Amino acid sequence: MPFRKPHQTSDREFIDEIKKENSNIIIGHRIKPKGLNIIWGNDLRYWKKTSDDYAELIQVSWLEVSGKVPVERGQTYTVKFDVEVDQNGFGWDNTPVLVMAKIGKKGKYDYKVVELVCDGVTKTIPKDEQLNITVNQDEIDPELHFGLYEVWSGKWKGGLRIKKAEVKKINP
């Protein structure tokens, strides 16, 4: 029996380019659930099989969902996720979740703290204040690494559905 990796690794075929209206100019990327790296994502004790529509969390104490996309030097990008927490979700009360991003593997993370609510409603996070990342003109590694994290509380959490992530230029 071949060894099966416990983590889901990004499938580039599920990362779509977002183009400026009536143009071939790329202004960002839409990342479907199969285009994300999900820690424990291939372990059916923790995540349901990822579909084209969403990745569904059964339970984890360590939430780490990440990805990366190419970006252009001198541009500023916004990072967001569309998520839903089922009404029967658990472990999210008073548990800050971080949407984080950095430029290059060795870059310094910037982040926004979000609170998730178990209401069965799809929300874009961060909601109130965008997470914007600027790529320096002299950047050696023009890739934006981003993710959704809750790895500090040790609480078991469940009921989260990740529908997509999006990285998009501001003022393309």
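The values are calculated or read from the model by the stated rules, or taken from the named source; none is laboratory data. What you are looking at is a predicted structure, and each value in this text was computed from that prediction instead of being measured. FYI the Cβ positions are ideal-geometry reconstructions off the backbone, even for glycines, and counts take in every protein chain you see. Keep in mind that these areas ignore ligands, DNA and RNA; they rest on the heavy atoms of the full protein, side chains included. Shrake-Rupley method; radii C 1.70, N 1.55, O 1.52, S 1.80 Å.
General remarks:
- Restricting region 69-84 to residues that are within 9 Å of the chain's Cα centre (by Cα) and open to solvent by 20 Å² or more (accessible area, probe 1.4 Å) leaves a set whose member that is farthest from Ile26 (Cα to Cα) is Asp82.
- Selection of region 144-166 for residues being within 20 Å of Lys49 (Cα to Cα) and open to solvent by less than 20 Å² (accessible area, probe 1.4 Å) yields Gly147, Leu148, Lys157, Gly158, Gly159, Leu160, Ile162, Ala165.
- Ile140 vs. criteria open to solvent by 40 Å² or more (accessible area, probe 1.4 Å) and among the β-branched types (Val, Ile, Thr): yes
- Just one of (1) open to solvent by 50 Å² or more (accessible area, probe 1.4 Å); (2) under 18 Å from the mean Cα position of the chain (by Cα) fails for Pro126. It is (1).
- Within region 24-53, considering residues that are open to solvent by 80 Å² or more (accessible area, probe 1.4 Å) and farther than 19 Å from Pro6 by Cβ, the one farthest from the chain's Cα centre (by Cα): Asn24
- Test: residue in region 153-168 that is over 28 Å from Ile25 (Cα atoms) and either of a type in the set (Ser, Thr, Tyr) or without any contact (Cβ under 8 Å) to a residue 60 or more places away in the chain (or both): yes
- Meets criteria (open to solvent by 40 Å² or more (accessible area, probe 1.4 Å) and either closer than 25 Å to Trp40 by Cβ or in contact with a Leu (Cβ under 7 Å, 6 or more places away or on another chain) (or both)) for Asn132: no
- Set Val60, Val121: member being of a type outside the set (Ser, Thr, Tyr) and open to solvent by 50 Å² or more (accessible area, probe 1.4 Å): Val121
- Some residue of region 96-112 being open to solvent by 40 Å² or more (accessible area, probe 1.4 Å), out of contact with any Phe, Trp or Tyr (no Cβ under 8 Å at 6 or more places or on another chain), at pLDDT below 95 and of a type outside the set (D, E, K, R): no
- Residues located in region 129-155, provided they are within 15 Å of Ile170 (Cα to Cα) and under 17 Å from the mean Cα position of the chain (by Cα): Glu129, Gln130, Leu131, Asn132, Ile133, Leu144
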